[in-house]
Amino acid sequence: MIKIYRADIAQVPDEEAVEKNMIFLDEMRRRKVTQCRNLGDKRRSLLAGFLIQAGAKDWMREESGLQKESAPLSLSYAFSEYGKPYLRGERELHFNLSHSGNYVVCAFSDEEIGIDIQMQRKRQGDIVRRFFSREDKELLEKMTNGGMNSDEAFYCMWTVKEAYMKLTGEGMRQGLDASVIEVSQDGRGGAFLPEREGGILGRGRISKREDADSGAYFRSYEERDKENKYSMSVCSYGKIVDIQREEIFIPEGNGPGVLTAWHSGELGTGQYAGTAMQK
């Protein structure tokens with residue numbers, strides 16, 4: 001199963017909030033936050049640490065009966081040859097981070113995982129011309145003809161490709177035009193669904209152009225904050241069947257250092273609902 005955790009940086013508004021909530025982080029993440037030079041990077045790094053802690057704790061509760069406690073886990077990280085991080089000693093737990101606009105997201109799974117989120121801005125036509133393959137441009141046209149606006153279509157494809165590059169661990173070394181998206185034909189207009197069922201924008205497979213056996217499955221979603229729309233995609237080598245998502249936030253009025261997790265059911269509902277995890 002895949003779990004996606006999300007946090008809004010607006011809930012860590014200043015340096016004081018960052019300092020108050022460092023207590024929830026492992027030592028390595030605290031050092032990483034401290035090394036950040038500006039407030040924006042500190043907020044994103046802090047919330048990334050929250051999400052990793054939340055996901056690792058949920059996993060350990062389910063796998064080994066870890067009791068509910070707020071003390072941060074002492075996590076140790078290892079890195080692939082391309083720099084993709086792993087939790088040392090937890091070979092069956094994989095995670096991946098992304099951020100854009102006001103959101104930081106982290107996907108957890110029992111197998112390799114990649115995730116990307118992008119706030120939708122004005123379509124980046126130059127990127128399409130320079131980096132998208134002929135097949136990509138044809139699919140982009142098909143998506144816009146099917147009812148998506150050009151920004152939605154571009155960012156949906158962009159996040160699928162980015163999530164796939166993060167899944168493989170190769171990042172931009174792989175190149176945007178090195179992968180081919182294969183849409184899933186489900187009788188409702190293909191992979192990119194105009195009805196936005198449960199916030200789902202699309203699903204299908206993606207693989208390296210020169211290696212069809214490297215294929216992975218993807219699912220794409222529409223996310224929103226008060227002012228902006230986002231595209232978010234997750235990629236996995238295994239079929240994506242069961243996904244849940246949780247929102248981690250620091251609510252006003254609960255006092256400093258209180259971490260609350262919102263738990264959802266099936267991601268297909270597109271809903272976030274919740275229970276609290278106290279200091």
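The values are calculated or read from the model by the stated rules, or taken from the named source; none is laboratory data. Values in this document were obtained by computation on a predicted structure and should not be read as measured data. Please note: Cβ atoms are built from the backbone with ideal geometry, for glycine as well, and neighbour counts cover all protein chains shown.
If you filter region 77-117 down to residues that are among the small types (Gly, Ala, Ser) and surrounded by 13 or more Cβ atoms within 10 Å (Cβ to Cβ), you find that the one that is nearest to Glu247 (Cα to Cα) is Ala107. For region 179-190, the criterion of being in a loop (DSSP other than H, G, I, E, B), modelled with pLDDT of 75 or more and either surrounded by 14 or more Cβ atoms within 10 Å (Cβ to Cβ) or assigned by TED's automatic domain parsing to the domain that holds Ile127 (or both) is satisfied by no residue at all. Select, from Tyr82, Tyr164, Tyr103, the only residue that is over 24 Å from Ile9 (Cα atoms) and under 13 Å from the mean Cα position of the chain (by Cα). From the options Tyr82, Tyr164, Tyr103, the qualifying one is Tyr164. The set of residues from region 148-171 being of a type in the set (Val, Ile, Thr) and surrounded by fewer than 23 Cβ atoms within 10 Å (Cβ to Cβ) comprises just one member, Thr168. Can you list residue pairs whose Cβ atoms sit under 7 Å apart, with the first residue in region 80-101 being polar (S, T, N, Q) and the second being assigned to a loop (DSSP other than H, G, I, E, B) and surrounded by 15 or more Cβ atoms within 10 Å (Cβ to Cβ)? Count only pairs 6 or more apart in sequence or on different chains. Close Cβ pairs satisfying both conditions: Ser80/Gly169. Scanning region 92-134 for residues that are hydroxyl-bearing (Ser, Thr, Tyr) and closer than 20 Å to Arg6 by Cβ gives Ser98, Ser100, Tyr103, Ser109. None of Arg205, Arg219 is surrounded by 15 or more Cβ atoms within 10 Å (Cβ to Cβ) and modelled with pLDDT of 90 or more except Arg219. Given the criteria within 23 Å of Val12 (Cβ to Cβ), in contact with a Lys or Arg (Cβ under 8 Å, 6 or more places away or on another chain) and among the hydroxyl-bearing types (Ser, Thr, Tyr), does Tyr77 qualify? So Tyr77 passes the test. When residues in region 15-74 are screened for being of a type in the set (Ser, Thr, Tyr), more than 22 Å from the chain's Cα centre (by Cα) and assigned to a helix (DSSP H, G or I), 2 of them pass. Considering the conditions (1) modelled with pLDDT under 85; (2) in a loop (DSSP other than H, G, I, E, B), Glu111 is excluded by exactly one of them, (1). Across region 17-59, the qualifying residues are those that are of a type in the set (Asp, Glu) and at pLDDT below 95, and the one among them that is farthest from Tyr230 (Cα to Cα) is Glu27.
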